[in-house]
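Peer 1: Here you go, one structure.
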Ligand code: GLV
Ligand code: MN
Ligand code: MN
Ligand code: MN
């Protein structure tokens with residue numbers, strides 16, 4: 001039968017917190033155009049807008065935190081998600097502790113931190129911090145099914161149009177500070193037995209799309225001297241990327257070719273087209289730019305030597321690194337000390353929405369250990385205890401900043 005016809009409750013509810021709920025009614029009643037006990041709060045009037053904030057002084061810039069929940073193919077459970085669920089829990093911890101923020105606290109769930117579908121990483125935070133140039137980039141973006149960003153957003157229930165896209169761009173100073181909690185995605189914290197990483201800077205990422213075109217042909221009939229194999233051009237470029245990265249002599253330089261697509265993709269057909277996507281990063285922007293330039297030169301040289309056409313060389317993004325804010329780093333150090341947690345200062349080699357939020361707000365990041373540093377694969381894991389440490393550091397830091 002239906003459980004609501006049964007006289008036995010299906011589970012036992014924990015009691016509503018009467019005192020806290022009453023306090024919230026009383027606080028919200030203060031946002032009124034007329035004196036107490038009356039409440040006048042008309043849609044989109046100043047008090048209506050202020051009441052949507054959470055702090056006691058919502059006219060001050062808010063303190064925001066958040067991350068992403070989208071995941072690349074065959075990824076894990078924790079990348080991004082720790083910073084979203086952790087943010088919500090940090091707010092709950094503060095509520096349960098009876099903390100009253102002065103500046104409002106906001107949680108942001110960013111759209112498309114991962115570039116998988118539309119080829120643009122950190123699409124949401126890039127746009128919030130963004131430029132009209134990016135708005136145009138989004139207008140031209142389609143996924144591999146040729147679906148536009150707008151159609152995809154619409155079919156997911158969002159009202160986004162070419163006209164209103166740029167209205168989300170934040171002015172500098174919109175937020176007093178922005179914080180992101182994230183798994184380290186590297187092995188250092190776990191290896192060294194340290195609970196918390198306080199991030200000092202985020203490395204500069206770049207991504208590039210390259211296409212080569214040749215004549216293709218029959219894998220048996222076309223003799224080797226007659227070929228201009230677009231697939232081999234891509235293979236050679238992939239090795240050139242590795243060479244240019246290693247040539248810097250710095251461990252901070254990295255380069256990856258994660259996508260090579262050959263056309264027509266048949267065992268007995270010489271590739272007539274190849275598409276390759278390159279990711280390269282460095283904490284040193286000049287050195288990273290040097291790698292990008294060498295990759296460009298190699299693409300030209302390889303095409304020439306192999307008699308293929310370099311039909312596309314497109315730098316999709318070439319972002320500067322970001323520095324974390326001193327005030328926030330100080331607040332994080334106070335928090336870890338109060339919580340008696342070990343910590344170390346570190347750079348983030350992965351990029352995050354924080355890289356872009358730093359353009360419009362002072363920014364800080366909290367790292368927690370993850371198993372063997374695994375990320376972007378299913379073995380990604382962070383213990384619930386380590387996550388709880390991160391949540392506590394986040395909560396205490398949000399609290400401090402909200403009172404500044
Ligand atoms: C984020 O997913 C990154 O690639 O750094
Ligand atoms: Mn990721
Ligand atoms: Mn992430
Ligand atoms: Mn990411």
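Peer 1: Percent of Cα-Cα pairs more than 23 Å apart in the stretch 45-132, please.
Peer 2: Value for the stretch 45-132 (Cα pairs over 23 Å): 38 percent.
Peer 1: Separate question: At 0.36 nm per residue, and after removing the present C-alpha to C-alpha distance, how many nm does the segment from residue 327 to residue 296 gain when stretched out fully?
Peer 2: 7.2 nm
Peer 1: Can you give the Rg and Dmax of the chain based on its C-alpha atoms, in angstrom?
Peer 2: According to the Cα coordinates of the chain, Rg and Dmax are 25.5, 91 Å.
Peer 1: If you don't mind, there's one more thing I want to ask. Gaussian network model of the chain, Cα springs within a sub-10 Å range: biggest mean-square fluctuation belongs to which of 357, 365, 346?
Peer 2: Between 357, 365, 346, it is 346 that shows the largest mean-square fluctuation.
Peer 1: The stretch 204-318: percent of C-alpha pairs farther apart than 20 Å?
Peer 2: Of the Cα pairs, 40 percent sit more than 20 Å apart.
Peer 1: Among DSSP beta bridges whose residues both lie in the chain, state the antiparallel percentage, nearest 5.
Peer 2: Once the DSSP bridges in the chain are tallied, antiparallel ones form about 60 percent.
Peer 1: Taking only Cα atoms, what is the 0 to 90° angle, nearest 10, from helix 285-306's long axis to the longest principal axis of the chain?
Peer 2: 30
Peer 1: Just to verify a number: FRET efficiency for residue 337 and residue 88, C-beta to C-beta distance, R0 = 25 Å, to 0.05?
Peer 2: Taking R0 as 25 Å, the efficiency between residue 337 and residue 88 is 0.50.
Peer 1: Using Cβ contacts closer than 10 Å as the measure, can you line up 349, 96, 288, 281 from fewest to most?
Peer 2: 96, 349, 281, 288
Peer 1: Now a separate question. So if R0 is 35 Å, what FRET efficiency would residue 172 and residue 376 give, r being the distance between their Cβ atoms, rounded to the nearest 0.05?
Peer 2: Calculated value: 0.65.
Peer 1: Related question: Mind checking the full-extension length gain between residue 13 and residue 309? Use 0.36 nm per residue of separation minus the Cα-Cα distance, one decimal, nm.
Peer 2: Full extension from residue 13 to residue 309 adds 99.8 nm.
Peer 1: Taking the simple approach of a point 7 Å from Cα along Cα-to-Cβ for both residue 50 and residue 344, what is their distance in nm?
Peer 2: Here the modelled spin labels are 4.8 nm apart.
Peer 1: For the chain, modelled as a GNM with alpha-carbon contacts under 10 angstrom, which of 42, 196, 328 fluctuates the most?
Peer 2: In this elastic network of the chain, the residue with the biggest mean-square fluctuation among 42, 196, 328 is 42.
Peer 1: Could you please rank 347, 366, 387, placing first whichever residue has the fewest other Cβ atoms within 10 Å of its Cβ?
Peer 2: 347, 387, 366
Peer 1: So, one more: Please identify, among 64, 129, 221, the residue showing maximal mean-square fluctuation in a Gaussian network model of the chain using a 10 angstrom Cα cutoff.
Peer 2: Maximum among the listed residues: 221.
Peer 1: Could you work out the helix-only [θ] at 222 nm for the chain, with each DSSP H run of four or more residues adding -39,500 (n - 2.57) and the total divided by the number of residues, to the nearest 500 deg cm²/dmol?
Peer 2: The helix-only estimate for the chain comes to -10500 deg cm²/dmol at 222 nm.
Peer 1: May I pose another question? With the cut-off at 20 Å, report for the stretch 277-370 the share of all Cα pairs above it, as a whole percent.
Peer 2: 55
Peer 1: Sticking with this structure for a sec: At a temperature of 25 °C and a viscosity of 0.890 mPa s, determine how fast the stretch 330-404 diffuses translationally according to Stokes-Einstein, using the Kirkwood radius over alpha-carbon pairs as Rh; express D in µm²/s, rounded to the nearest whole number.
Peer 2: Stokes-Einstein gives a translational diffusion coefficient of 177 µm²/s.
Peer 1: For Cα pairs less than 8 Å apart in space and 6+ apart in sequence, what is the mean separation divided by the residue count of the chain, i.e. the relative contact order in percent?
Peer 2: Over the chain, the number comes to 24 percent.
Peer 1: Points 7 angstrom from Cα along the Cβ direction at residue 192 and residue 284: gap in nanometres?
Peer 2: 2.1
Peer 1: Taking the Cα of residue 156, stepping 7 Å toward and past its beta carbon, and measuring to each backbone N in the stretch 57-78: which are under 15 Å?
Peer 2: In the stretch 57-78, the label zone of residue 156 (backbone N under 15 Å from the point 7 Å along Cα→Cβ) covers 67-73.
Peer 1: Same structure, new question: Using only Cα atoms, locate the centre of the stretch 290-334 and the centre of the stretch 14-78, then give the distance between them in Å, rounded to an integer.
Peer 2: Here the answer is 40 Å between Cα centres.
Peer 1: How big is the convex hull of the Cα atoms of the stretch 353-395, per residue, in Å³?
Peer 2: 81
Peer 1: Given a Förster distance of 41 Å, report the FRET efficiency between residue 135 and residue 32 from their Cβ-Cβ distance, rounded to the nearest 0.05.
Peer 2: It comes out at approximately 0.60.
Peer 1: Going by how many other Cβ atoms sit within 10 Å of their own, how do 49, 81 line up, fewest first?
Peer 2: In order of increasing Cβ crowding within 10 Å: 49, 81.
Laboratory data are not the source of any read-out in this text; all were calculated from the coordinates shown. Computed from a prediction, not measured in an experiment: that's the story for all the values here. Ideal geometry is used to build each Cβ from the backbone, glycine not excepted, and the neighbour counts take in all protein chains shown.
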